[in-house]
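The values are calculated or read from the model by the stated rules, or taken from the named source; none is laboratory data. The structure presented is a predicted model; accordingly, all values stated were derived computationally and were not measured. Methodologically, a virtual Cβ is constructed for each residue, glycine included, from the backbone with ideal geometry; neighbour enumeration extends over all protein chains shown.
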Amino acid sequence: MTDQTTMDALNNAPGHDEVLPFSVDALDVRGRVVHLNQSLNAILARHDYPKSVSRLLGEAAALTVMLASSIKLEGRLIVQAQTDGPVSLLVVDMQAPGDYRATAKFDEDRVRELEAADNADAGSLLGTGTLALTIDQGKYMNRYQGYVELNGGSLEDAAHNYFTRSEQIPTRVRLAVSELMTRSDNGETIHSWQASGMMVQFLPHATDRLVQKDLPGGGVADEEYHAAMPDDDNAWIEAQALVDTLQENELADPDLSAERLLFRLFHERGVRIFDALDVYDKCSCNSEKVGGVLSQLSTEEVVESIAESGQIEVTCEFCARRYEFDPKALLKQS
């Protein structure tokens, strides 16, 4: 947990929280740039995550916010990674138009061991498992769920696999997280984070230009499969090459605005930017929702949940808010 002085300094730290849509018409490309600073630090300040877990959760948050803004979300987008790795669970829950929350579960001993060996990259932390994307637009709409395997790669790799298999739109995703050191007014050193991301998609008017190299089917060698596929469109090759020139410290620089970043990359081709979407740290939990879940417990489960205080205590895994309920009231409902 973080004291109020530190929280005030974090709130005044450099950076911003927004998603900036853009297009490069000359290359038939559209995209998003996301910067998460104050919102991400508010989330991380509530938990005592190791640095590598904070970094990974920042990447997941940047990815989720970009995806949610790109699909013009009405409702919720939940990105959840479940794995056999040291970080067994990552959840980022984005509620339209711009509220999100995030949490992680991990084995501290395994994480510290990787950090000590300087091997705590995303692939090692996650191991193998599944990345699930769920779009929930309310009780009167069907949920959409998409899945992609995690096989020791990064969240960038997982995002590319998702778009290749599910959306079939040529897409390039870049994610970066940086640690920041600033000073408060009283000279105290404040450690904070910035998570950033960029996503570009190739959307030409002529649909035959959308052909991309899909993943090969079973029994077909990669080189044989790709040799039979058409070459990527020259405009898309150029767009990817420009995005790949980005350094991680450049993408996640709190003093480099999204507008300046886009100008650096695409000024020769011309880039248009649109209205930015502000992003906020906001949990959707409340006493009514938590009480509703507890009301479904059996009498035995209610009794087993009573704490030493004589109350049933529930702490939200996202925002760490603590709720107390009278077991007698719940027993009357069960």
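Being assigned to a strand (DSSP E or B) and either modelled with pLDDT of 95 or more or surrounded by fewer than 23 Cβ atoms within 10 Å (Cβ to Cβ) (or both): is that true of Ser52 here?
In short, no.
In segment 154-182, which residues are free of Cβ contacts under 8 Å to residues at least 40 places away in the same chain and more than 16 Å from the chain's Cα centre (by Cα)?
Listed by number, the residues that qualify are Ser166, Glu167, Thr171, Met181.
Would you pick out the residues in segment 85-98 that are closer than 21 Å to Tyr140 by Cβ and either surrounded by fewer than 18 Cβ atoms within 10 Å (Cβ to Cβ) or among the charged types (D, E, K, R) (or both)?
Within segment 85-98, Asp93, Ala96, Pro97 meet the criteria.
In segment 128-153, how many residues are free of Cβ contacts under 8 Å to residues at least 40 places away in the same chain and either touching a Phe, Trp or Tyr at 6+ places or on another chain (Cβ under 8 Å) or more than 23 Å from Thr83 (Cα to Cα) (or both)?
Number of matching residues: 5.
A quick yes/no check of all residues on (1) in a loop (DSSP other than H, G, I, E, B); (2) at negative phi; (3) more than 19 Å from the chain's Cα centre (by Cα); (4) of a type in the set (D, E, K, R):
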| residue | (1), (2), (3), (4) |
| --- | --- |
| Leu256 | yes, yes, yes, no |
| Leu261 | no, yes, yes, no |
| Arg264 | no, yes, yes, yes |
| Asp275 | yes, yes, yes, yes |
| Cys283 | yes, yes, no, no |
| Glu288 | no, yes, yes, yes |
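Which residues, counting only those in segment 100-141, are in contact with a strand residue (DSSP E or B) (Cβ under 8 Å, 6 or more places away or on another chain), under 27 Å from Ser70 (Cα atoms) and part of a helix (DSSP H, G or I)?
Leu126
Name the pairs: first residue in segment 62-80 and under 12 Å from Gln137 (Cβ atoms), second residue in a helix (DSSP H, G or I) and at pLDDT below 95, Cβ to Cβ under 9 Å, at least 6 apart or on different chains?
Close Cβ pairs (under 9 Å, with a partner that is in a helix (DSSP H, G or I) and at pLDDT below 95) amount to Leu73/Leu67; Arg76/Ala68; Leu77/Leu67; Leu77/Ala68.
Just for segment 165-181: of the residues that are out of contact with any helix residue (DSSP H, G or I) (no Cβ under 7 Å at 6 or more places or on another chain) and closer than 24 Å to Gln247 by Cα, which one is surrounded by the fewest Cβ atoms within 10 Å (Cβ to Cβ)?
Looking at residues that are out of contact with any helix residue (DSSP H, G or I) (no Cβ under 7 Å at 6 or more places or on another chain) and closer than 24 Å to Gln247 by Cα, I get Met181.
Any chance segment 307-317 includes a residue that's under 24 Å from Asp48 (Cβ atoms) and among the hydroxyl-bearing types (Ser, Thr, Tyr)?
Scanning segment 307-317 turns up at least one residue that is under 24 Å from Asp48 (Cβ atoms) and among the hydroxyl-bearing types (Ser, Thr, Tyr).
Evaluate the following for Ala26: is it over 17 Å from Ser69 (Cβ atoms), at pLDDT 50 or above and assigned to a helix (DSSP H, G or I)?
So Ala26 fits the description; yes.
Limited to segment 60-84, what total is found for residues that are surrounded by fewer than 22 Cβ atoms within 10 Å (Cβ to Cβ) and not in a strand (DSSP E or B)?
7
Please work out if Gln137 is more than 20 Å from Val177 (Cα to Cα), buried (at least 16 other Cβ atoms within 10 Å of the Cβ) and of a type in the set (S, T, N, Q).
Spelling it out, it is not the case that Gln137 is more than 20 Å from Val177 (Cα to Cα), buried (at least 16 other Cβ atoms within 10 Å of the Cβ) and of a type in the set (S, T, N, Q).
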